[in-house]
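S.K.: Handing you a structure now.
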Amino acid sequence: MQTNKRIAGAVSAVALMSGLFTAAGATTAGAADGCTNNNGLTQYTAFGTQGQGFELRRNGSGNNTCVWGRIVGGSPGMHIWVDRSNDGGRTWQGHLGEATITSGGSVWTEAFADRNGQVARTCGDSGYNTPIRCTGWY
């Protein structure tokens, strides 16, 4: 019995250290920013090869602006993500909050802060090995 408790304790410790039993947290770039994707306005739309819209959505203003991507008129297998840049789009953090349509025709990414001095865009594709389309930087 004592051996079983030791084994169970060791397994629990390893599982916790490896993240097996930890709650899935939001990505550092997203939820830590304090953003939500509620009550948004479409800032830009790019159109995919199958006519779907890749929208860059936003809410708030100034240092409280949040941005996220949304696919409308899509189909399962399509992807969308947000790119965010600190230098006007010369370099960027890519594929933030990447989301895939698993059923239906729409999906959206989590929201990300778009602070003063940062710009963001939404990019997506019609499935693996298809052209990537991006909105303008906002």
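S.K.: Does D125 fit the bill of being crowded, with 19+ Cβ neighbours inside 10 Å and touching a His at 6+ places or on another chain (Cβ under 7 Å)?
M.R.: Here the answer is yes, as D125 does meet what is asked.
S.K.: (1) at pLDDT 90 or above; (2) out of contact with any Gly (no Cβ under 7 Å at 6 or more places or on another chain); (3) loosely packed, with under 11 Cβ neighbours inside 10 Å: which one isn't true of A46, the others all being true?
M.R.: (3)
The values are calculated or read from the model by the stated rules, or taken from the named source; none is laboratory data. Values in this document were obtained by computation on a predicted structure and should not be read as measured data. We place every Cβ from the backbone using ideal geometry, glycine too, and count neighbours over all the protein chains shown.
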